[in-house]
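Structure below; questions to follow.
The values are calculated or read from the model by the stated rules, or taken from the named source; none is laboratory data. Worth saying up front: this structure is predicted, and the values here are computed from it rather than measured. Neighbour counts are summed over all protein chains in view; Cβ atoms, including those assigned to glycine, are modelled from backbone coordinates with ideal geometry. Remember, those area values only see protein heavy atoms, side chains included, never the ligands or the DNA or RNA. Shrake-Rupley method; radii C 1.70, N 1.55, O 1.52, S 1.80 Å.
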Amino acid sequence: MVEWLRVLFMVASLYPALVACKLRHYKFNVVMLNTTRLCSNKPIVTVNRRFPGPTLYAREEDIILVKVVNNVKYNVSIHWHGIKQLRTGWADGPAYITQCPIQPKQSYVYNFTIKGQRGTLLWHAHILWLRATVHGAIVILPKLGVPYPFPKPYKEVVLILGEWWKSDVENVIDEAIESGLAPNVSDAHTINGHSGPISTCLSKEGFNFPVDPGKTYMLRIINAALNEELFFKIADHNLTVVEVDATYVKPFETDVVLIAPGQTTNVLISTNLGIGSYLIVASPFMDAPIAVDNRAAIASLSYIGTTDLVGTRLVAPPSINATSLATKFTESLRSLNSKDYLANVPIKIDRNLLFTIGLGVNQCSSCLTGNRVVADINNITFVMPKTTSLLEAHFFRVKGIFTDDFPGNPLISYNYTGMQPMNMGTIEGTKLYRLAYNSTVQLILQGTSLILPENHPIHLHGFNFFVVGRGMGNFNDEKDSKRFNLMDPVERNTVGVPSGGWVAIRFRADNPGVWFMHCHLEVHTTWGLKMAFVVDNGKEPNETLLPPPVDLPKC
Ligand code: C2O
């Protein structure tokens, strides 16, 4: 009897742990979808025949199992953008970095646990340009019983911003690679898969978001576009930003949100106007708008019960090159840094790195102009391996796949943001930068303005980082590092490096594995604006990369 009671007591005490972390199974079937959307009738690659794809819902600490089945003719891999993948690099997803792609008719189960994160992120294909249509939201709710650090919204809605090409995106990039020129810009922007009316495609309905009056809603905004940073606005309504990239921020009010590809932003909106219909616009931002798709996506927010007679309130999108507006938004972002959500900014730094970020030109005899546009970090145009992934090469110690001599500083220093002297040529290589487990890194991302002055949203896999500083021109250690914010800098996974300027980020390398870092403008990644860090194992068993799962795809 006593024994029974003991067992019962044991089971009961385990119970909270059992319900607290849940196993969540998802099946992602990658299939073609014939769609007549947006005045084109080309088939697109989708997950589960949906565009955007299904939302992955989870709670902090859940274990996620996503079985991805490839039923298209392309190789596929899926990345869980912003999920830290502690010791589970095998589930990160970038093709040839942490896994070989899933080949047609094959499948792979991504298996990872969500630890120390809650908020909005996104998943997307991480191979070729497939992420144009293969993407969706990740919504991570706080642990059961843990409230948001702001008033609980009445309802929440996911808004995914995207870009749409009338022609097949794989053809778009293949043609560009052949010619050595920039690829065609998109034909429309979208909000939850709809562009709203645009001149090149008449009478298409936009996404409508019906609201009850007198409530607070939370919008989970995701930029899933391939190549464009976007402004987001709603007529006559202010937005309160409460979170970016699944980290809480000090709330601030704004009438416009700037969001780069790969970034997410949660905002609260009060439906206090009570009546009417209001336009929502997503429009591009580019400092020097040379080649840009300037068609804004249009959706609407409408109060339930409003009749058509009231009419729709319009809103003008910011001008494309509204740099000061963009800067103002960016500089308003601060970590919440409350007792429950501390900003653990590394103070003592083990590695001080400076990477130049930009475009270059190399000679190319088969190209239309005799030159090819390339992109680089520290004048290195990164080349992906083809026969195995970097993570496998690292784990199994395969020689000849990569070297770990990525330079921590530019090989020659020059005037990065001026005209002369220039340094536009690049060398090709599969070079990684090696970091000891738990070392702290300060990385200056120095934009170069040699060809197209452009803001580069740089994304680091496997970690969040703190954005401790930002400025124009060449980074000046003596002067600029004094002004770093080490108190409450915003914490994120994707940061815009301003055109002709720099940002300083800090992170702790506490996740062993191989972690990709690249520009989240897909065209720049294609051109070579990418590299990877290799983080060694720590000494303790729980500081080592786990072995690969048995179903890890083969090249
Ligand atoms: Cu969102 Cu490496 O990507």
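Is there a residue being buried (at least 16 other Cβ atoms within 10 Å of the Cβ) and basic (Lys, Arg) anywhere in the stretch 480-492?
yes
Now a separate question. Being surrounded by fewer than 24 Cβ atoms within 10 Å (Cβ to Cβ), without any contact (Cβ under 8 Å) to a residue 60 or more places away in the chain and either within 16 Å of the ligand (Cβ to nearest atom) or assigned to a loop (DSSP other than H, G, I, E, B) (or both): is that true of LYS67 here?
no
Still on this structure: Residues LEU353, LEU368: which one is part of a strand (DSSP E or B) and touching a residue at least 12 places away in the same chain (Cβ under 8 Å)?
LEU353
Kindly list the number of the only condition in (1) under 23 Å from PHE207 (Cβ atoms); (2) open to solvent by 50 Å² or more (accessible area, probe 1.4 Å); (3) modelled with pLDDT of 85 or more that fails for VAL47.
Here VAL47 meets the rest and fails (2).
Could you say which residue among LEU239, LEU226, LEU230, LEU219 is under 23 Å from PHE329 (Cβ atoms) and free of Cβ contacts under 8 Å to residues at least 60 places away in the same chain?
Unique residue meeting the criteria: LEU239.
Still on this structure, please answer the following. Please state which one of GLY82, GLY119 is within 12 Å of the ligand (Cβ to nearest atom), within 20 Å of PRO52 (Cβ to Cβ) and touching a residue at least 40 places away in the same chain (Cβ under 8 Å).
GLY82
Right, here's the next one. Being open to solvent by 30 Å² or more (accessible area, probe 1.4 Å) and of a type outside the set (A, V, I, L, M, F, W, C) is the filter here; which residues of the stretch 146-173 pass it?
Hits for the stretch 146-173 are PRO147, TYR148, PRO149, PRO151, LYS152, TYR154, LYS155, GLU156, LYS166, SER167, ASP168, ASN171.
If you don't mind, another one. Here is a list of conditions, (1) touching a Phe, Trp or Tyr at 6+ places or on another chain (Cβ under 8 Å); (2) open to solvent by less than 10 Å² (accessible area, probe 1.4 Å); (3) away from the ligand (no atom under 14 Å from the Cβ), and TYR108 meets all of them except one; can you say which number that is?
Among (1) touching a Phe, Trp or Tyr at 6+ places or on another chain (Cβ under 8 Å); (2) open to solvent by less than 10 Å² (accessible area, probe 1.4 Å); (3) away from the ligand (no atom under 14 Å from the Cβ), TYR108 violates only (1).
Would you tally the residues in the stretch 471-489 being outside any loop (DSSP other than H, G, I, E, B) and either within 16 Å of the ligand (Cβ to nearest atom) or out of contact with any Pro (no Cβ under 7 Å at 6 or more places or on another chain) (or both)?
Residues in the stretch 471-489 being outside any loop (DSSP other than H, G, I, E, B) and either within 16 Å of the ligand (Cβ to nearest atom) or out of contact with any Pro (no Cβ under 7 Å at 6 or more places or on another chain) (or both): 9 in total.
Let me ask something else about it. Quick check on PHE466: is it open to solvent by less than 30 Å² (accessible area, probe 1.4 Å) and away from the ligand (no atom under 16 Å from the Cβ)?
Judged against the criteria, PHE466 is a match.
Just checking: which of the strands (runs of 3 or more DSSP E) contained wholly in the stretch 212-295 hold 3 or more residues that are open to solvent by 10 Å² or more (accessible area, probe 1.4 Å)?
The strands (runs of 3 or more DSSP E) meeting that bar are 247-254, 277-285.
Being among the acidic types (Asp, Glu) and farther than 27 Å from THR544 by Cβ is the requirement here; does GLU392 meet it?
No: the conditions fail for GLU392.
Can you tell me which residue is nearest to the ligand (Cβ to nearest atom) among those in the stretch 496-524 that are of a type in the set (Val, Ile, Thr) and either part of a loop (DSSP other than H, G, I, E, B) or open to solvent by less than 10 Å² (accessible area, probe 1.4 Å) (or both)?
Among them, the one singled out is VAL514.
Among (1) within 21 Å of the chain's Cα centre (by Cα); (2) open to solvent by less than 30 Å² (accessible area, probe 1.4 Å), there is one condition PRO346 misses while meeting the rest; what is its number?
For PRO346, the failing item is (1).
Among the residues of the stretch 101-116, which ones are out of contact with any strand residue (DSSP E or B) (no Cβ under 6 Å at 6 or more places or on another chain) and either closer than 23 Å to ILE63 by Cα or not assigned by TED's automatic domain parsing to the domain that holds CYS21 (or both)?
Residues satisfying the conditions are LYS115, GLY116.
Let me ask something additional. Please work out if ARG492 is charged (D, E, K, R) and within 16 Å of the ligand (Cβ to nearest atom).
yes
Of these, VAL211, VAL172, VAL185, which one is more than 27 Å from the chain's Cα centre (by Cα) and of a type in the set (A, V, I, L, M, F, W, C)?
Answer to the selection: VAL211.
Filter the stretch 122-155 down to the residues that are within 16 Å of the ligand (Cβ to nearest atom) and more than 12 Å from GLY82 (Cβ to Cβ) and list them by number.
Those that are within 16 Å of the ligand (Cβ to nearest atom) and more than 12 Å from GLY82 (Cβ to Cβ): ALA125, HIS126, ILE127, LEU128, TRP129, LEU130, ARG131, ALA132, THR133, VAL134, HIS135, GLY136.
Would you check which residues across the stretch 373-424 are at positive phi and either open to solvent by less than 60 Å² (accessible area, probe 1.4 Å) or among the basic types (Lys, Arg) (or both) and list them?
ASN378, ASN379, ARG397
Another question, then. Taking the residues in the stretch 70-90 that are among the polar types (S, T, N, Q) and open to solvent by less than 20 Å² (accessible area, probe 1.4 Å) as candidates, determine which candidate is farthest from ILE140 (Cα to Cα).
ASN70
Let me ask another. May I ask you to verify whether ASN438 is open to solvent by 10 Å² or more (accessible area, probe 1.4 Å), in a loop (DSSP other than H, G, I, E, B), under 30 Å from TRP90 (Cβ atoms) and out of contact with any Pro (no Cβ under 8 Å at 6 or more places or on another chain)?
Taking the combined requirement at face value, the residue satisfies it.
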